[in-house]
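Read the structure below first, then the notes.
The values are calculated or read from the model by the stated rules, or taken from the named source; none is laboratory data. None of the values given here were measured: they were computed from a predicted structure. Neighbour counts run over all protein chains shown; Cβ positions are idealised from the backbone, glycine included.
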Amino acid sequence: MENIYPQGQVYRSSDQIAKLQQAFLNKVYSWMVAGLAITAGVAYYLFDTELYIEFAPYMWIIMIANLGLVFALAGAINKMSSNVAAGLFLLYSALTGVTFSLLAAVYSGESIANVFFITAGSFAALSFYGYTTKKDLSGMGRFMFMGLVGIILAMIVNFFMASSILNMMISIIGVIVFAGLTAYDTQKLKDMYEVSLQGDEIATKSAILGALTLYLDFINLFIMLLRLLGNRD
């Protein structure tokens, strides 16, 4: 039962808050799963038909377009409609599928499948931890973000050095960083439940932005694990 105090503030029971949190995260996970399904479908189709070969020369352009879509969604989602935001997210997922079709040409199908299930299980456990823990993960989130910056810088350096040892270190640290970010981002999204009370338009855009965040955590965790555990053809 809600109690309206003289100041106009609404107080909710723990059960009501839990239901709002679950409802919002269900929307987030639904969009995330949709994005992953599109990515997997596009990657499989392009590899199966060998059309990925046609896209290979333009991969840098596709990666830059992907980066632009992420910045557009993260920085300007409040200025666009929920339909436009949804379209951009799905487009981003499809373009990521184009880049992932090249992974299927490098790694064996069996190792990709195995690493995917490992990633899915790890992600589910980490996200569950982020959802259920009473510990404030904001400090860990800041630390993991600094680790992410370090990974990006190390990858740039290794582009010129081509060191196998540094490459392995990047992958190991990357697994730790994106594992931590998965738990932190889940907790952060859980605390955003009140957006679901601000209208369907705002709730949908917030869910899409949250889905993009968790999608990136999942994808990057998968890539780092694949670099460590994947068997090349």
Taking the stretch 31-69 and keeping only residues that are in a helix (DSSP H, G or I), under 19 Å from residue 103 (Cβ atoms) and among the β-branched types (Val, Ile, Thr), one is left with 38, 39, 42, 53, 61, 62, 64
Being crowded, with 16+ Cβ neighbours inside 10 Å and at pLDDT 95 or above narrows 209, 221, 226 down to just 221
Would you be able to say whether some residue in the stretch 148-167 is of a type in the set (A, V, I, L, M, F, W, C) and on the phi > 0 side of the Ramachandran plot? yes
| query | Any residue at all in the stretch 95-108 that is in contact with a strand residue (DSSP E or B) (Cβ under 7 Å, 6 or more places away or on another chain) and in a helix (DSSP H, G or I)? | reply | yes
- Query: Does residue 56 satisfy the condition of being modelled with pLDDT under 90, of a type in the set (A, V, I, L, M, F, W, C) and more than 26 Å from residue 214 (Cα to Cα)?
  - Reply: yes
So is residue 199 over 20 Å from residue 35 (Cβ atoms), of a type outside the set (A, V, I, L, M, F, W, C) and touching a helix residue (DSSP H, G or I) at 6+ places or on another chain (Cβ under 6 Å) or not?
no
Filtering the stretch 32-56 down to residues that are loosely packed, with under 15 Cβ neighbours inside 10 Å, small (Gly, Ala, Ser) and within 20 Å of the chain's Cα centre (by Cα) yields 37, 41
Can you find a residue that is among the basic types (Lys, Arg) and either without any contact (Cβ under 8 Å) to a residue 24 or more places away in the chain or in contact with a Leu (Cβ under 7 Å, 6 or more places away or on another chain) (or both) anywhere in the stretch 187-196? yes
(1) touching a residue at least 12 places away in the same chain (Cβ under 8 Å); (2) farther than 17 Å from residue 220 by Cα all hold for residue 75 apart from (1)
Taking first residues from the stretch 159-177 that are farther than 15 Å from residue 222 by Cα and second residues anywhere that are not hydroxyl-bearing (Ser, Thr, Tyr), the pairs with Cβ under 7 Å that are 6 or more apart or on different chains are 166/154; 166/158; 167/158
Going by the structure shown, is residue 78 surrounded by 12 or more Cβ atoms within 10 Å (Cβ to Cβ), of a type outside the set (A, V, I, L, M) and at pLDDT below 90?
-> no
Taking the stretch 96-119 and keeping only residues that are free of Cβ contacts under 8 Å to residues at least 40 places away in the same chain and closer than 24 Å to residue 27 by Cα, one is left with 117
